[in-house]
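Reading through the C-alpha cells given below for one structure.
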Amino acid sequence: MTPESRFLRACRREATDATPIWLMRQAGRYMPAYRHVREHHPLLTIIKTPELACEVTLQPIEAFELDAAIIFADILPPLEGMGLHLRFAEGEGPVIGNPVRTVDDIARLRVLPPEETLPFTLDAIRLARAQLDSRNIPLIGFSGAPFTLAAYAIEGRGSRNYMLAKGLMMSEPVAWDTLMTKLSEVVGAYLLAQARAGAQALQLFDSWAGQLSASDYRQHALPYTQHAIAIARQAGVPIIHFATDTSGYLEAMRETGADVVSVDWRVDLSAAWQRLGANVAVQGNLDPVALLAPWDALKQRTQAILDQAGGHAGHIFNLGHGILPETPPDNVKRLVDFVHEYSAPVHA
Ligand code: CP3
C-alpha cells in the first residue's frame, strides 16, 4: 500500500496495511537540517519564501518514513493579513505589536481573501505537492482555530491564564462574536484556499481551547470552529481537529464536524475513542516527552497506544502536541519504523 493511501485512507476510516504516522511540528529545531536553514533565515522569511518553506516541509520526509507531510507555515500569519503586526522575538516566541483590546480594534480588523494576504503559503503548497506526488506522500494544510487565534490577537503573546482574552469573551459578548465571526471567515477561507492549492487534508490547531470551561467552549468557541469547518468542507478533503487539555469535554471536539479528532496523552486513546464514537477517526496520542526517553520506555508507550487502537479502522499515530526541540532524531526514526512494523493491517 502506498503511504498516500495509508494516511488518507485512515482519515476516512478505511482499511490500511499498517498504522500511518506523522508528527505535529515534524519540521523544526530538533532537526539539524532545519537548524541549518534557520542559521541563514528568520522564521518569517522561511514561511514567506515558497522555495524555503517547501524545502523545510520536505526535510522530515527525507529523513524518516513518515506517511504525510505538513506545509511549513505557522498559525499566526493570518493575523498579519487582518492588520496585526507579528514578530517572532528570539527566545520569547511570537509577539503582536498592536494587540486587539477594544471594540474599535475589532472593527478595524480586515477580512481579505487568502490569495491576497497569504499567497506565499499557497505557492509553497503548490511547490511541495509537485515534489511529494512522485513519492506518493500526501500534504496537510493547516490553520489556527478561531479561539486560539483570538487568544493570541488579544493577549499579544502566549499567556498563562488568558486573562485579557477570556475577559473580553466574558464581558463583551457582542464584540467577542464580531471578532470570532471575522476569524472564522478568515480561517475557513484560508483552509479552503490551501485545499484548492493542493493540500489533501486540513488540520485546525486549537492549542489553547483547553483554557475554557465546557460551557464557555460550547458557547464562545465551538460555533466559530464549526463555521470555519463548514466553509473548508467545500474542498472535500478530510479535516482534522486538534486541541489539548480538552479531555473534560472531548465530546464537543466531535461536534466541530471534523473527520479526525486529535487527542492528547491526558486521556487514554481507547477511552477517548469510545467517548467520540465509532464514526470518527482518531489521531494521537503519545506524550512528546516520551521521545526523549530511552528506547524501551518509548517503545512500551507506543505499543500501548497501538494496542488501544487495535483493529479499529481510522487510527493515525501522532503525538498529543508538537515535537520538542530537544528530541533526538534517532528516536523519531525508531518510532516511525516501529509503528509501521508493530501495527497490524486494519480492516474497515
Ligand atoms: O508541523 C510542522 O512542521 C509545520 C510547521 C508549524 C510551525 N508552527 C512552525 C514553527 C506548525 C504546524 C505550527 C503551529 C503552531 N504555531 C501552533 C499550534 C501547535 C502547537 O504547538 O500548539 C502554535 C501555538 C504556534 C505559534 C508559535 N509558533 C509559537 C508559540 C512559537 C514559539 C514557540 C516555539 O515552539 O518555538 C512558534 C514558532 C515556530 N513555528 C517554530 C516552528 C518550527 C520554531 C521557531 C523557530 O524556528 O525559531
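The values are calculated or read from the model by the stated rules, or taken from the named source; none is laboratory data. These figures come from a predicted structure and were not determined experimentally. Ideal geometry is used to build each Cβ from the backbone, glycine not excepted, and the neighbour counts take in all protein chains shown. In case anyone asks, the SASA skips ligands and DNA or RNA and just uses the protein heavy atoms, side chains included. Shrake-Rupley method; radii C 1.70, N 1.55, O 1.52, S 1.80 Å.
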Practice problem: Within the stretch 53-63, identify whether any single residue is open to solvent by 50 Å² or more (accessible area, probe 1.4 Å) and within 12 Å of the ligand (Cβ to nearest atom), and answer yes or no. | Solution: no
Quiz item: Which of the residues spanning the stretch 206-224 are open to solvent by less than 30 Å² (accessible area, probe 1.4 Å) and within 12 Å of the ligand (Cβ to nearest atom)?
Solution: 206, 207, 209, 210
Quiz item: Would you pick out the residues in the stretch 291-330 that are aliphatic (A, V, I, L, M) and either free of Cβ contacts under 8 Å to residues at least 24 places away in the same chain or part of a loop (DSSP other than H, G, I, E, B) (or both)?
Solution: 293, 297, 304, 313, 323, 324
Self-check item: Every residue from the stretch 102-127 that is part of a helix (DSSP H, G or I), free of Cβ contacts under 8 Å to residues at least 60 places away in the same chain and of a type in the set (D, E, K, R)
Solution: 104, 105, 108, 116
Self-check item: Within the stretch 266-278, considering residues that are out of contact with any helix residue (DSSP H, G or I) (no Cβ under 7 Å at 6 or more places or on another chain) and without any contact (Cβ under 8 Å) to a residue 24 or more places away in the chain, the one most open to solvent (accessible area, probe 1.4 Å)
Solution: 274
Quiz prompt | Sole exception among (1) exposed (fewer than 13 other Cβ atoms within 10 Å of the Cβ); (2) within 26 Å of residue 231 (Cα to Cα); (3) not polar (S, T, N, Q) for residue 85, by number | solution = (2)
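How many residues are open to solvent by 70 Å² or more (accessible area, probe 1.4 Å) and either assigned to a helix (DSSP H, G or I) or in contact with a Lys or Arg (Cβ under 8 Å, 6 or more places away or on another chain) (or both) if we restrict to the stretch 128-172?
Initial filter on the stretch 128-172 (open to solvent by 70 Å² or more (accessible area, probe 1.4 Å)): 130-131, 133-135, 157, 160-161, 163-164, 170-172.
Restricting the remaining residues to those that are either assigned to a helix (DSSP H, G or I) or in contact with a Lys or Arg (Cβ under 8 Å, 6 or more places away or on another chain) (or both) gives 130-131, 133, 163-164, 170-171.
Going through the stretch 128-172 one residue at a time, the tally reaches 7.
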Exercise. Please enumerate the residues belonging to the stretch 67-101 that are more than 16 Å from the chain's Cα centre (by Cα), more than 9 Å from the ligand (Cβ to nearest atom), in a loop (DSSP other than H, G, I, E, B) and at negative phi.
Key: 82, 84, 85, 97, 98, 99, 100, 101
Self-check item: Failed criterion for residue 227 (all others in (1) closer than 23 Å to residue 159 by Cα; (2) open to solvent by 30 Å² or more (accessible area, probe 1.4 Å); (3) away from the ligand (no atom under 16 Å from the Cβ) hold)
Solution: (1)
